[in-house]
Every structure is written in C-alpha cells, then in structure tokens.
Amino acid sequence: MIDEEKNPWTILNEKKIYTNPWIELTEFDVLNPSGGKGIYGVVHFHHAAIGILPLDENNNTWLVGQYRFPLKQYSWEIPEGGGKKNIPLLESAKRELLEETGIEANEWIPIIETHLSNSATDEFGIIYIARNLSFQNSSPEETEDLRVKKLPFNELYKMVMNGEITDGLTMLAVMKAKLMMIEGKM
C-alpha cells in the first residue's frame, strides 16, 4: 500500500538557477521513486494566481484581452493577476478586478483553489465569482495593454468549449460556474 504522506523522492542537492520578483527556478539532483538518479526543475511562484469571474444580474461577464508574451499570442481571459502571499487573496482579487476592468463588487464567492501546473511549478491559484457590481474607471499597470469586453456568460462558455479560450484560470472559472448554474447553486 502506498503511503500518500511519504515523499518517495530523495533530494541529493539543490541549486538556485534564477530568481526575479515573480519566480524562482531551482534545479534538484534527485533519486526518483525507483531509485534512479536524475534532475528535477521546479519553478516557485512568489505570488498566488488570482482569477475573477464578474457576473451581473443578467449573467453578463467581462473578459480582458491582452498579448501574452510567453505564448507569443493574444489571449482573452477573465480578469486575473498575482497576489502577494502576505496580503489576503480577496484584497488582491478586488484590486485586480478594479485595475483591469473598473469593476467593484459587493459579493465575492471563492469557487476554486488550484495548483496550475504541479508537475513543474508550485503555482497556487484561487478563483472568485464577483457579483453585485458597480462600475468605475480602470487603471491597468504600465505593463498591461488591455482591452475589455462585456458578453453574456453563455457566450463565454461556448468560447471555452470551442477552444477559443485556452487560459487555465478562465476555463476553470467558466466550467465551475456553469456547473454551479446547472445545480442551482447560483
């Protein structure tokens, strides 16, 4: 029987390869669970990933479009960003939603906690649904060249199902929200 609490990997050595304000890359010399020698690279994230699915009383939502440098392509996604781990994640979610879309919400529902790519990173993410919305001016960061669009939630759902949207936080948010709607929990 497998002991789910016991780490079957043995770390022989670790070396910090790279660090910046957002990520840190460490290479480990290891013995794998079968006893073979190898290396394992792990990306540590200094911030939590935060996604927000804003929904108005008619189940309209808002997407943010931007060019994603690592993918070398444009991406439509829910408002999202990073939250410092020493600040409550809900505070960071409120900041991100306002910065990117100009939306404030009076109701916040956490719907998913996730590890986004646990084979190579420790990136933790949380997704909220934001309801009872009011509208202000947005103020994106200088690194963000954003476009915001409003659309019905069911149109966003179709975009996810058709593969038009590939962002992980967005897909998780949409699928969970759709399930909650089907089950009558929203």
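Would you mind telling me which numbered condition in (1) surrounded by 11 or more Cβ atoms within 10 Å (Cβ to Cβ); (2) polar (S, T, N, Q); (3) without any contact (Cβ under 8 Å) to a residue 40 or more places away in the chain Asn13 fails? Every listed condition holds for Asn13 apart from (1). Among the residues of region 57-74, the one identified as assigned to a strand (DSSP E or B) and farther than 22 Å from Ser138 by Cα is Gln73.
Just one of the listed residues (Gly163, Gly168) is surrounded by 16 or more Cβ atoms within 10 Å (Cβ to Cβ) and over 20 Å from Arg131 (Cβ atoms), and it is Gly168.
In region 85-96, the residues that are farther than 20 Å from Asn132 by Cβ never reach a residue that is in a helix (DSSP H, G or I) with C-beta atoms less than 8 angstrom apart, at least six apart or across chains. Among residues that are surrounded by 14 or more Cβ atoms within 10 Å (Cβ to Cβ), of a type in the set (Gly, Ala, Ser) and either at pLDDT 95 or above or assigned by TED's automatic domain parsing to the domain that holds Tyr67 (or both), Ser138 is included. When region 81-116 is filtered for residues that are in a helix (DSSP H, G or I) and charged (D, E, K, R), the ones remaining, listed by number, are Glu91, Lys94, Arg95, Glu96, Glu99, Glu100. Of all residues in region 19-45, count the ones that are under 10 Å from Trp9 (Cβ atoms) and either free of Cβ contacts under 8 Å to residues at least 24 places away in the same chain or not in a strand (DSSP E or B) (or both). Residues that pass the stated criteria total 6.
The values are calculated or read from the model by the stated rules, or taken from the named source; none is laboratory data. All figures in this text were calculated on a predicted structure; none of them were measured in a lab. Reconstructed Cβ throughout: ideal geometry from the backbone, glycine too, with neighbour counts over all protein chains shown.
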